[in-house]
1. What number of residues within the stretch A:188-214 satisfy the criterion of being more than 21 Å from A:V124 (Cα to Cα) and in a loop (DSSP other than H, G, I, E, B)?
2. Between a residue in the stretch B:59-80 that is more than 7 Å from chain A (Cβ to nearest Cβ) and any residue that is surrounded by fewer than 24 Cβ atoms within 10 Å (Cβ to Cβ) and in a helix (DSSP H, G or I), which pairs come within a Cβ distance under 6 Å, given they are 6 or more apart or on different chains?
3. Need a quick list: helices (runs of 4 or more DSSP H) entirely within the stretch B:209-327 having at least 1 residues that are in contact with a Pro (Cβ under 8 Å, 6 or more places away or on another chain).
4. Give me the pairs: first residue in the stretch A:155-169 and of a type in the set (G, A, S), second residue part of a helix (DSSP H, G or I), beta-carbon distance under 6 Å, and six or more apart or on different chains, which are they?
5. Please verify whether B:G35 is in a helix (DSSP H, G or I), free of Cβ contacts under 8 Å to residues at least 60 places away in the same chain and not hydroxyl-bearing (S, T, Y), treating the condition exactly as stated.
6. Here is a list of conditions, (1) closer than 30 Å to A:E163 by Cα; (2) part of a helix (DSSP H, G or I), and A:G237 meets all of them except one; can you say which number that is?
7. Taking the stretch A:140-187 on its own, how many of its residues are part of a helix (DSSP H, G or I) and either away from chain B (no Cβ under 13 Å) or crowded, with 19+ Cβ neighbours inside 10 Å (or both)?
8. Out of (1) out of contact with any Lys or Arg (no Cβ under 8 Å at 6 or more places or on another chain); (2) away from every other protein chain (no Cβ under 14 Å); (3) of a type outside the set (S, T, Y); (4) surrounded by 23 or more Cβ atoms within 10 Å (Cβ to Cβ), the odd one out for A:F110 is which?
Amino acid sequence: MSAKHEEIGLSNDDVLKMYETMLMARRVDERMWLLNRAGKIPFVISCQGQEAAQVGAAFALDNEKDYIAPYYRDMGVVLHFGMTPKDLMLSAFAKAEDPNSGGRQMPGHFGQKKNRILTGSSPVTTQLPHAVGVALAGKMKKQDFITFTTLGEGSSNQGDFHEGMNFAGVHKLPVIIMVENNKYAISVPFERQIASKNVSDRAIGYGMPGVTIDGNDPIEVYKHVKEAADRARRGEGPSLIETVSERMTAHSSDDDQRQYRAADELAAQKDKDPILLFGAYLKENGILNDELEKEINDRIMVIVNEATDYAEDAPYAAPEDALKYVYAEKGGNE
Amino acid sequence: MAVMNYIDAITLAMKEEMERDENVFVLGEDVGKKGGVFKATAGLYDQFGEDRVLDTPLAESAIAGVGIGAAMYGLRPIAEMQFADFIMPAVNQIISEASRIRYRSNNDWSCPIVFRAPFGGGVHGALYHSQSVEAIFANQPGLKIVIPSTPYDAKGLLKAAIRDDDPVMFFEHKRAYRLIKGEVPEEDYTIEIGKADVKREGEDITVITYGLAVHFALQAAERLAEDGYSAHILDLRTIYPLDKEGIIEAAKKTGKVLLVTEDNKEGSIIGEVAAIVAENCLFDLDAPIMRLAGPDIPAMPYAPTMEKFFMINPDKVEKAMRELAEY
């Protein structure tokens, strides 16, 4: 019997690359928490626990032509789309060279035109209509790219979720909407946020398929996002995918989730850590061993250390640079 | 040169820009087959097809947000809000998103979109079909707000707005649509956004206003001229960012300044104009800055008595101008 990844056309090399990207996201994220607790960066908002959903999905897209409108936890997505650990650290330290915003936005507010990562804000779900708009533009211009947008399950209560989903459904646009359900909207649990059993139940109202899948399994996520991408490219319209996973950190560096989550619940989610689960899968299938695992981790840590040092030493924008780029002018990331 | 209605100049501007640039398209409620509830997009659906004159679901935040996405891709959307009063669900998209896209991405992304919306009262539109909403957007750097008063300005400014690389709010006075007529050249021209325009030269008092009120002031000025008072009238045209130089020059010219808006008085655009005059023209003023505006009630009522009470008109403007001239 072949392994699960082979059944859907992924090679051993592919899944090893997925693992590396997941681990890179985890290690960059962990470093940011250390830097925050050491007082070196003011804020972190984390991807930890959602790397499998993010990386599995990103690998199912074409990172040389598709457009993405990620949300603030999507480090795994943007890494696969070409943002580097150095870029992420420059953003964490709010340095001038940060490609997301030149140090103007908090970390997690991704954006990089050369990699087709739409710039994002803090009010949630505003990016969903943008992804729909890019898909509309692509359809009008007869392009074959698709757009991919993500949000948290709490954000699926926003009007922009429903207005954007409906627009995409009416015009059969090539959009994939992926809700990364980590079961909490800051402190409010799923059952106090969503009246239906699943977020994906909402898809039927907008004329698109909706599925709820295991967000801890990158191969499962890849499979569903790939199917949705193929549908979209065939002109069959949008899809809603809900990945269920864990939020392994507090909402952000300014939150303490022990105030609203039970100790046993927090302890139990360690068994669902996607990095450990996927590592175990790769080992079972003879793709990863302890030696290779260490080699990969060491290689990643060199990159994370170099990115940290570079970003820490990099200059801030000049104070008066705050006045630039309100309206069209030359310079900056243009 | 053809004489045409204010609304026809707007339609013509869109038609010419859509012919010039295939990236320009219109989206909104009822803009397609019907040609808009006011007929601002009449004929465009037949000429350009349903993809470029797109009837959207009835959801303003999606109209704005989808338009913003298309603009980020590089198209030039014209997003129509059926009435300015109904723009409120889209305010998050316009203010949090469109106005900040260039700034927050350090000039990486941009958002060249036009939001068109009919505003203004005097049409028995009551609370929710009459409002002036421009002040809500007028402290949002990144946005530009244009309000033309004449067909000539409407065509030139809308074409400039469509070609602008940043988001532009384009408010059209709905009572002006078929009331105001004027000469409009058939050739291509644009009017620079950010520049006020002297609509009447005068020596005794300066009236600074915008939109339909420009015409009220012009009518009042003719009546005052019969009594020997000469009024200088400045049409702001772009109400954000304001043309500070043009305002200062117009205020200094006569030293007596009347500011007129159809909006509620407190917190309106003319408060900012007053501040510019006060900061820069103190020793040139011969009278306190005077403001004429709607009363501070939520919006104009439906009943004709109360609507008339709310609305400014040539008589009210004339009275204020005369009072200032005689100061």
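1. Total satisfying the criteria: 4.
2. Filtered contacts from the stretch B:59-80: B:E60/B:F86; B:E60/B:P89.
3. B:213-226, B:304-310
4. Here the result reads A:S156/A:V199; A:G159/B:S61; A:G164/A:L128; A:G164/A:P129; A:G164/A:V132; A:G164/B:A62; A:A168/A:V132; A:G169/A:Y206, each pair linking the stretch A:155-169 to a residue that is part of a helix (DSSP H, G or I).
5. Judged against the criteria, B:G35 is not a match.
6. (2)
7. 14
8. So the condition that A:F110 fails would be (2).
Rule-based calculations on the coordinates, nothing more; no lab input. Keep in mind that this is a model prediction, so the values were computed, not measured. Note that each Cβ is placed from the backbone with ideal geometry, even for glycine, and that neighbours are counted across all protein chains shown.
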